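First up is the structure itself, then whatever we jot down about it.
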Amino acid sequence: MTDTQLRRERAERPDTPRAAYARLSAPVRARVIAALLAVAAAGWAYTVREADGMSGMVMGLGQVGEMAMTMAVPSFLGMWAAMMVAMMSPTVAPVALAHRGAAGQGRRRAVSTAAFVVGFLLVWTATGVVAFGAYRLILEIPVDAANSRWLPAVAGAVLVGVGALQLTPWKMHCLEACRRPVAAAGGTDATAGVAASFGTGLVHGWRCLGCCWALMVVLLVVGVMNLAWMAVIAAIFLLDKHWSRAVGLTRLVGALFIVLGLAVIAFPDALAFISGV
């Protein structure tokens, strides 16, 4: 099969997460997936170790009133970077596979796909600056707020807002963009080189952020390094990017967070319960 025929065949395939897995031979596909899973595993290993050592820190609205310690900016951003690598690396698999399939064979093109993934993860890592600002604000909340009614009300309102955002046209638009791997990877001819692939990764990271940022806000309620909630949110992201019924899942998740937020407002003790305090 000539290069022209191969590109035509790829162009005729549907631009879906499932189709992205068929764009590569089994060995190449396995290498790409194995690399992403290895990166994610390293991120989880570091995050679990850090979470164990920082279990007494105030890291979310649900932990206000617990022992308060202050993290320096480099430490927080390093922790956040590991969290984003752990949670987001598997989600980019369809787009990384689409990029690798469009780029063709060769070590340089494999490096281009790696640059794409780095660009994608860099966007999520950069959100740590905003998360750090929120973390510092949480540290300023008086300890006696843990026994107040307003703190659970604020936390519940945040959860309701997160749920409501899952039901908006904006969320559906961003989700649709994230679920078109070939378009997200830069089209059917991703051979522009390392720098261009890195830039395309940044663009896709920004679009993915638009799709998923609200669920990350949940961690500011239940605890930034709450491993159980991290795993739940990471699973939602993974299904969003892979499952054919992602739209239905998004609506279900939105409804569940609205109900959860209302429950926290109505029953303040629920905040401590869902935060694992």
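Any residue that is open to solvent by 10 Å² or more (accessible area, probe 1.4 Å), within 30 Å of GLY60 (Cα to Cα), outside any helix (DSSP H, G or I) and not hydrophobic (A, V, I, L, M, F, W, C) - is there at least one of those in the stretch 79-95? No, every residue in the stretch 79-95 fails to be open to solvent by 10 Å² or more (accessible area, probe 1.4 Å), within 30 Å of GLY60 (Cα to Cα), outside any helix (DSSP H, G or I) and not hydrophobic (A, V, I, L, M, F, W, C).
Taking the conditions exactly as written (assigned to a helix (DSSP H, G or I) and farther than 29 Å from GLY78 by Cβ), does TRP170 satisfy them or not? First the steps, then the outcome.
Values: assigned to a helix (DSSP H, G or I): yes; farther than 29 Å from GLY78 by Cβ: yes.
Here the answer is yes, as TRP170 does meet what is asked.
Selection of helices (runs of 4 or more DSSP H) fully inside the stretch 177-277 by the criterion of at least 3 residues being under 22 Å from PRO14 (Cα atoms) and of a type outside the set (D, E, K, R) returns 181-184, 194-222, 227-242, 246-266.
What residue, among those in the stretch 8-37 that are basic (Lys, Arg) and in a helix (DSSP H, G or I), is modelled with the highest pLDDT? Write out each step before concluding.
First pass over the stretch 8-37, keeping only residues basic (Lys, Arg): 8, 10, 13, 18, 23, 29, 31.
Checking which are in a helix (DSSP H, G or I) leaves us with 8, 10, 18, 23, 29, 31.
Working: ARG8: 56, ARG10: 49, ARG18: 84, ARG23: 77, ARG29: 88, ARG31: 91.
The qualifying residue modelled with the highest pLDDT is ARG31.
When restricted to residues that are open to solvent by less than 20 Å² (accessible area, probe 1.4 Å) and of a type in the set (Phe, Trp, Tyr), the stretch 142-156 contains 0. Scanning the stretch 193-236 for residues that are aromatic (Phe, Trp, Tyr) and touching a helix residue (DSSP H, G or I) at 6+ places or on another chain (Cβ under 6 Å), which turns out nearest to ALA115 (Cα to Cα)? For the stretch 193-236, the residue satisfying everything is PHE198.
To keep it simple, each residue is scored yes or no on (1) open to solvent by 40 Å² or more (accessible area, probe 1.4 Å); (2) closer than 17 Å to MET59 by Cβ; (3) in contact with a Ser or Thr (Cβ under 7 Å, 6 or more places away or on another chain).
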position	(1), (2), (3)
LEU219	no, yes, no
MET230	no, yes, no
SER244	yes, no, no
LEU249	no, no, no
LEU252	yes, no, no
PHE257	no, no, no
ALA263	no, no, no
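Look at the stretch 121-145: where a residue is polar (S, T, N, Q) and a partner is surrounded by 15 or more Cβ atoms within 10 Å (Cβ to Cβ), sitting 6+ places away or on another chain with Cβ atoms under 6 Å, you get THR125/ALA81; THR125/MET84. Checked against (1) more than 21 Å from PRO181 (Cα to Cα); (2) open to solvent by 10 Å² or more (accessible area, probe 1.4 Å); (3) touching a Leu at 6+ places or on another chain (Cβ under 7 Å), PHE267 passes all but condition (3).
The values are calculated or read from the model by the stated rules, or taken from the named source; none is laboratory data. No experiment lies behind these values; they were computed from the predicted model shown. Heads up, the Cβs are rebuilt from the backbone with ideal geometry, glycines too, and the neighbour counts pull from every protein chain shown. Only protein heavy atoms, including side chains, enter the accessible area calculation; ligands, DNA and RNA are left aside. Shrake-Rupley method; radii C 1.70, N 1.55, O 1.52, S 1.80 Å.
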